[in-house]
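Chemist: Okay, handing you the structure first.
The values are calculated or read from the model by the stated rules, or taken from the named source; none is laboratory data. As the structure is a computational prediction, the values presented were derived from the model and not from experiment. Cβ atoms come from the backbone with ideal geometry, glycine included; neighbour counts cover every protein chain shown. Just so you know, the surface numbers come from the protein's heavy atoms only, side chains and all, with ligands and any DNA or RNA stripped out. Shrake-Rupley method; radii C 1.70, N 1.55, O 1.52, S 1.80 Å.
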Amino acid sequence: MQPEQGGRTVRDTATCLLKPEHLFDLLADPIERQKWDLCPPYITQEPVAAAPGPALQGARYTGRGTARGIGFVVLAMVTAADRPRRYETRSETRFARAYPDAVAIEEYRIEPEGTGSLVNYTVTIMKTPGTGTPLMRLLSALLEPITAPRAAKSNFRNMLRYAENHAAVIA
């Protein structure tokens, strides 16, 4: 997959009630994360194909599912895992039809703050030129600059709340 150069980068910073080590461990376990990191209702996921336990630097895993009824495959690789301060993945998402394929690089930089964490989040999304239907490419080009930053920040902050809720349940 050859993504377009550059892409769209979104950054956000938020606090989390969890200590950096605990948050890192939750982020780094793709099988467990799928149980608590809830997707929007229009996405259905199959169980992730990953080795049990933490996915650390160099680990690869695969996700599958549907988005609004359109099948997708996600091939992910952990590109950085410096417990408890930094976790980064690179994922390629390929859709069966309609949506443009994309590459996303997500990075979490985690710092202690009080009894919890301060998390600096960055995601860069690069679409693959020429993929997806012409209508979806046009809609994406028009709407993405408006919707993508808000959606990425909302997903990031929701993920932190889901992690806190999950940690409270297993405590």
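Chemist: When you take every Cα atom in segment 108-156, what is the radius of gyration, and what is Dmax, the widest Cα pair distance, in Å?
Modeler: 15.7, 49
Chemist: Based on Cα positions only, what radius of gyration and what Dmax would you give for the chain, in angstroms?
Modeler: 16.0, 49
Chemist: What is the Å³ per residue value for the convex hull set by the Cα atoms of segment 72-169?
Modeler: 116
Chemist: Next question, about the same structure. Tell me the angle of helix 134-170 to the major Cα principal axis of the chain, expressed in degrees between 0 and 90 and rounded to the nearest ten.
Modeler: Tilt relative to the chain: about 20 degrees.
Chemist: Give, as a single signed number, the net charge of other residues whose beta carbon lies under 14 Å from the beta carbon of Thr115, with Lys and Arg counted +1 and Asp and Glu -1.
Modeler: Charge balance near Thr115 sits at -3.
Chemist: Counting only protein heavy atoms and using a 1.4 Å probe, what share of the accessible area of the chain belongs to carbon plus sulfur, as a whole percent?
Modeler: 55
Chemist: Would you compute, from DSSP H runs of 4+ residues alone, the mean residue ellipticity of the chain at 222 nm, taking -39500 (n - 2.57) per run and dividing by the full residue count, rounded to the nearest 500?
Modeler: -10000 deg cm²/dmol
Chemist: Could you give each residue of segment 19-24 its phi-based ³J(HN,Hα) in whole Hz, using Karplus coefficients 6.51, -1.76, 1.60 with θ = phi - 60°, and x for Gly or Pro?
Modeler: 5, x, 4, 5, 4, 4
Chemist: Using a Cα-Cα cut-off of under 12 Å, which aspartates and glutamates could be cross-linked to Lys35, ignoring same-chain neighbours fewer than 8 residues away?
Modeler: By straight Cα distance, Lys35 reaches Glu46.
Chemist: Using the Cα centre of the chain as origin and beta-carbon charges of +1 (Lys, Arg) and -1 (Asp, Glu), tell me which of Ala80, Ile70, Leu56 is placed farthest towards the positive end of the dipole.
Modeler: Ile70
Chemist: When Rg is the radius of gyration of the Cα atoms in segment 36-128 and Rh is its Kirkwood radius, what does Rg/Rh come to?
Modeler: So for segment 36-128, dividing Rg by the Kirkwood Rh gives 1.01.
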